[in-house]
Amino acid sequence: MDVEETLVLVKPDGVARNLTGEILRRIEAKGYSLVDIRMIEPDRALLAQHYAEHEGKPFYEPLVEFMLSGPVVALRVAGNRVIEGFRSLAGTTDPTTAAPGTIRGDFGRDWGLAVQQNLVHGSDSPESASRELGLWFAS
Ligand code: DAT
Ligand code: MG
């Protein structure tokens, strides 16, 4: 068995569209366990750490602005291979082409804005999960 924990964020668009419950329902229906949950209004410092790998990319500033636009729900989720499994539930990054049946594919699309509003974040590796859980569930 390969029990892991991952960080899931319901991004500001997901919270504003009242999709937090639907996203959590899908996580639980898949059989993963909710370990902790917080609603957070992140500041720039937290987002700069969270998105450090993307600093300098063209979408970085709009991404940070978008993430500052409203509250985020942070979920600590556990399960066997949950890091990969949640990324599969979320779908690919671009919500226009994410597969139907995924969170991004079912609820996301291009709204013509400067950054992809794709509803959720999921850690992409055990190292990222550990680092990101430390950021969003600090203290
Ligand atoms: P993911 O969230 O699927 O792990 P990522 O880590 O590559 O994707 O990028 C982080 C976020 O940045 C992503 O959820 C949406 C935004 N983003 C990524 N690539 C983008 C692009 N080419 N144009 C606009 N926004 C982008
Ligand atoms: Mg990523």
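Values in this text are rule-based calculations from the coordinates and carry no lab data. These figures come from a predicted structure and were not determined experimentally. Please note: Cβ atoms are built from the backbone with ideal geometry, for glycine as well, and neighbour counts cover all protein chains shown.
Points worth noting:
- Output for the range 79-98, where each listed residue is within 16 Å of ligand 2 (Cβ to nearest atom) and more than 15 Å from D124 (Cα to Cα): D94, P95, A98
- Count - residues of the range 121-139 that are among the aliphatic types (A, V, I, L, M), closer than 12 Å to R38 by Cα and surrounded by 15 or more Cβ atoms within 10 Å (Cβ to Cβ): 1
- The single condition among (1) over 23 Å from V3 (Cα atoms); (2) within 16 Å of ligand 2 (Cβ to nearest atom); (3) assigned to a helix (DSSP H, G or I) that R131 does not meet is (1).
- Some residue of the range 35-52 being surrounded by fewer than 18 Cβ atoms within 10 Å (Cβ to Cβ) and farther than 18 Å from E132 by Cβ: no
- Residues of the range 24-60 that are over 21 Å from T102 (Cβ atoms) and in a helix (DSSP H, G or I): R44, A45, L46, L47, A48, Q49, H50, A52, E53, H54, Y60.
- Yes/no for R76 being more than 16 Å from ligand 2 (Cβ to nearest atom), among the charged types (D, E, K, R) and in contact with a strand residue (DSSP E or B) (Cβ under 7 Å, 6 or more places away or on another chain): yes
- Matching residues, the range 99-128, being farther than 20 Å from F66 by Cα, more than 13 Å from ligand 2 (Cβ to nearest atom) and part of a loop (DSSP other than H, G, I, E, B): A99, G101
- Residue under evaluation V64, criteria (1) of a type in the set (V, I, T); (2) part of a helix (DSSP H, G or I); (3) in contact (Cβ under 8 Å) with a residue 40 or more places away in the chain, criterion not met: (3)
- Test for T93: is it polar (S, T, N, Q), within 15 Å of the chain's Cα centre (by Cα) and in a strand (DSSP E or B): no
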